[in-house]
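Worksheet: the structure to be examined is printed underneath.
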Amino acid sequence: MSTHHLARVRHTAPEWLFTIRSLRHSLRDGESLLLAIVLPVMLMLLMTAVFGGALDPTGSYVDFVAPAIILTCAGFGASTTSVYVANDLKSGIVDRFRSMPVRASAVLTGHVLASVLRNLLATSIVLVVAVLVGFRAGGTLLDWLGAAALITGYILAITYLFAAIGLAASSPESANGYGFILLFLPYLSSGFVPLESLVSWLRPLATYQPMTPIIDTIRALMLGGDPGNQWIWAVGWCLAILLFSVILGSWFFRRRTRR
Amino acid sequence: MGWVMEYAIEVRGLRKSFGTQQVLHAVDFHVKPTQIFALLGSNGAGKTTIIKILSTLLAADGGTARVAGAEVGREPERVRRAISLTGQSSAVDEALTGEENLVMFGRLRGLGKLAAQRRAAELLEEFELQDAARKPLRSYSGGMRRRLDLALSLVLRPELLFLDEPTTGLDPHSRRRLWKIIEQLSRDGTTVLLTTQYLDEADHLADHIAVLHEGRIAAHGSAAQLKSALTGQSVQLHDDAGGLRAQHATDGSLRGLRDALDGFLGQGLEGTVALYSPTLDDVYFEITSRSNTVTGQGEQR
Ligand SMILES: Nc1ncnc2c1ncn2[C@@H]1O[C@H](COP(=O)(O)OP(=O)(O)OP(=O)(O)O)[C@@H](O)[C@H]1O
Ligand SMILES: [Mg+2]
């Protein structure tokens, strides 16, 4: 038995150690990883090849739909966060971290950061596939940086929301169920079809839900158009979702780890 | 620290209820530094509850608990720096390999990357897990997982170690090996509080044993003290099938033995003679079968 003793200076932030841990989880979780890659490709091909012709015979439907597919896939990729978080609570490992001189909430930060990195990768894959099926980019470098920032912000916000759902859920299975509902939101927006083509009772919902300004802004930036003041709504929604999730998440985290 | 603490753990009047169910009524005990202290008690007696309170995971409703000189409710960070906990159910990362788990815990404890890797290798060897070091924990057997769970608590030698049923699910070989490790830790200066359902384990390992019953410490002392508090030895007469035919209490002296034998012969009994000393099992059953109206038997207070 060696003679280390517990009092040590900490060199590495636990957040970083937990991010590495969560990235390892993503890599080992073969099915989720495969889905995270296959789903974007499938969705892109499905939308452009099957519906594309009918929706826009000129063939530019891919330009229209790419942002929605990016966000749909990001939402899907982020949703596994709720299951990871719920699993950690259930397995007792969070309690073990709590008994150590470590910020136990760093476990959540680790899951969130890993999810952001994972989903940025998935987003790159969607973009590559989009270009392969005929996506014609417009916009300046600055526009693209703006789009990238907004996509990252959206991924961060929705990941945090899923983390909060994982903390609120009573089991990993129900966490999975709650998360599923959120994944339909992009379909009820301006992402896949123009707002005007929706049935009238759906139009107000689609107009005022967060996905519409976010998708419109990303689309405008990527194609070199003018997002108008939609970008303010887009950024505002991302910040609002993030703030809401952080507050809700820390409340639930305190509740679940109450002494 | 410049002074020597009198007690590594000091628990006074500890109370805890879950809803309307009062689990701990008034628990008092103390553990001296470097002692191995075993907490016994039936299922649901509250052993895990005590360990959770002492390791800052659960707040007590009343009473005081000091661990390594710090009060658990007031200075949880100080307590956490002194302790290591292996809980009753495994809390390991199933997706990581044994080695990755150990390195992660080492780094969380503040070791650098290389030091953490070196320590992981040492522990894998000590707990005979080298062959499984690179396999994810999902593929581990229950006993292997348990061993890793214990190793994770030892990445740095803790001042105080809490082990909640550490050897449940271990094969006899691994159990012996773990006993050796615990004894060595205690010799090196670690205080150990463990719970167990194996009375022979408490008998073999613990310097001090406490029996938790109906929310209180019903008896405590060394294994020898607890046994001698019972009626003492007896001479037993068994029939050929091994059944008990008669018994006679004795003080263990030559004269006492002769009195017992004379007694049997006087009654015209025949059979095989055996000298019986009470075991920790007898002590345990005696204590846990008492109802709370007859407490005060223990030498506590
Ligand atoms: N979080 C909780 N909520 C409600 N009741 C609880 C909780 N934790 C423990 N209990 C109850 O408190 C009592 C003591 O539980 P505890 O786990 O401390 O027992 P134990 O002595 O460790 O038992 P075992 O030998 O089975 O591990 C039990 O009746 C249990 O049902
Ligand atoms: Mg228990």
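The values are calculated or read from the model by the stated rules, or taken from the named source; none is laboratory data. Note that this is a predicted model, so its numbers are computed, not measured. Ideal geometry is used to build each Cβ from the backbone, glycine not excepted, and the neighbour counts take in all protein chains shown. To get the accessible areas, we keep the full protein, side chains included, count just its heavy atoms, and leave off ligands, DNA and RNA. Shrake-Rupley method; radii C 1.70, N 1.55, O 1.52, S 1.80 Å.
Remarks
- Top-ranked residue in segment A:1-14 [being modelled with pLDDT of 65 or more and at the interface with another protein chain (Cβ under 8 Å from one of its Cβ atoms); ranked as nearest to B:Ser153 (Cα to Cα)]: A:Pro14
- Residue in segment B:27-56 that is nearest to B:Asp164 (Cα to Cα), counting only those that are in contact with a Gly (Cβ under 9 Å, 6 or more places away or on another chain) and more than 15 Å from ligand 1 (Cβ to nearest atom): B:Thr56
- Being of a type in the set (A, V, I, L, M) and more than 30 Å from B:Ile50 (Cα to Cα) is a description that applies to B:Val235.
- Among the residues of segment B:57-75, those that are surrounded by fewer than 16 Cβ atoms within 10 Å (Cβ to Cβ) and within 15 Å of ligand 1 (Cβ to nearest atom) comprise B:Ala59, B:Asp61.
- Residue within segment B:124-136 that is in contact with a strand residue (DSSP E or B) (Cβ under 6 Å, 6 or more places away or on another chain), within 13 Å of another protein chain (Cβ to nearest Cβ) and surrounded by 15 or more Cβ atoms within 10 Å (Cβ to Cβ) present: yes
Residue-wise test of (1) at pLDDT 85 or above; (2) at the interface with chain B (Cβ under 7 Å from one of its Cβ atoms).
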{"residue": "A:Trp16", "(1), (2)": "yes, no"}
{"residue": "A:Ile20", "(1), (2)": "yes, no"}
{"residue": "A:Arg28", "(1), (2)": "yes, yes"}
{"residue": "A:Leu33", "(1), (2)": "no, no"}
{"residue": "A:Ile37", "(1), (2)": "no, no"}
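- If the condition is being more than 16 Å from ligand 2 (Cβ to nearest atom), charged (D, E, K, R) and crowded, with 17+ Cβ neighbours inside 10 Å, then segment B:161-176 contributes only B:Arg175.
- Taking segment A:86-117 as the range and being within 14 Å of another protein chain (Cβ to nearest Cβ) and either of a type in the set (Val, Ile, Thr) or in a loop (DSSP other than H, G, I, E, B) (or both) as the test, the residues that pass are A:Gly92, A:Ile93, A:Val94, A:Ser99, A:Met100, A:Pro101, A:Val102, A:Arg103, A:Ala104, A:Ser105, A:Val107, A:Thr109.
- One residue stands out among those in segment B:78-93 that are farther than 21 Å from A:Ala13 by Cα and either free of Cβ contacts under 8 Å to residues at least 40 places away in the same chain or touching a strand residue (DSSP E or B) at 6+ places or on another chain (Cβ under 7 Å) (or both): the one that is least open to solvent (accessible area, probe 1.4 Å), which is B:Thr86.
- Candidates B:Leu163, B:Leu152, B:Leu170, B:Leu148, filtered to the one that is touching a residue at least 12 places away in the same chain (Cβ under 8 Å) and under 27 Å from B:Phe29 (Cα atoms): B:Leu163
- When segment B:67-80 is filtered for residues that are out of contact with any Lys or Arg (no Cβ under 9 Å at 6 or more places or on another chain), assigned to a helix (DSSP H, G or I) and basic (Lys, Arg), only B:Arg78 remains.
- Any hit, segment B:19-33, residues being buried (at least 19 other Cβ atoms within 10 Å of the Cβ), within 14 Å of chain A (Cβ to nearest Cβ) and in contact with a His (Cβ under 9 Å, 6 or more places away or on another chain): no
- Annotation note: Cβ proximity below 9 Å between a residue of segment A:173-200 that is open to solvent by 60 Å² or more (accessible area, probe 1.4 Å) and a residue that is among the charged types (D, E, K, R) (sequence gap 6+ or interchain) occurs for A:Glu196/A:Arg203.
- Restricting B:Glu10, B:Glu75, B:Glu100 to residues that are without any contact (Cβ under 8 Å) to a residue 40 or more places away in the chain and more than 11 Å from chain A (Cβ to nearest Cβ) narrows the list to B:Glu75.
- Matching residues in segment B:103-117 - criterion: being of a type outside the set (Gly, Ala, Ser) and either facing chain A (nearest Cβ under 9 Å) or crowded, with 19+ Cβ neighbours inside 10 Å (or both): B:Val103, B:Met104, B:Phe105, B:Arg107, B:Leu108, B:Arg109, B:Leu111, B:Lys113
- Looking across B:Leu54, B:Leu24, B:Leu39, B:Leu85, one residue alone is within 16 Å of ligand 2 (Cβ to nearest atom), more than 15 Å from the chain's Cα centre (by Cα) and in the same structural domain as B:Ile181 (by TED's automatic domain parsing). It is B:Leu24.
- In summary, strands (runs of 3 or more DSSP E) completely within segment B:207-290 and bearing 3 or more residues that are open to solvent by 70 Å² or more (accessible area, probe 1.4 Å) and touching a residue at least 12 places away in the same chain (Cβ under 8 Å) occur at B:244-249, B:272-276.
- Condition met for B:Thr190 (touching a Lys or Arg at 6+ places or on another chain (Cβ under 9 Å), in contact (Cβ under 8 Å) with a residue 24 or more places away in the chain and within 12 Å of chain A (Cβ to nearest Cβ)): yes
- Condition met for B:Val92 (outside any helix (DSSP H, G or I) and β-branched (Val, Ile, Thr)): yes
- Some residue of segment B:38-49 being at pLDDT 95 or above and within 14 Å of chain A (Cβ to nearest Cβ): yes
- Scanning segment B:155-168 for any residue that is hydroxyl-bearing (Ser, Thr, Tyr), away from ligand 1 (no atom under 16 Å from the Cβ) and out of contact with any strand residue (DSSP E or B) (no Cβ under 8 Å at 6 or more places or on another chain) turns up nothing.
- Among the candidates A:Gly146, A:Gly134, A:Gly153, residue that is surrounded by fewer than 16 Cβ atoms within 10 Å (Cβ to Cβ) and of a type in the set (Gly, Ala, Ser): A:Gly134
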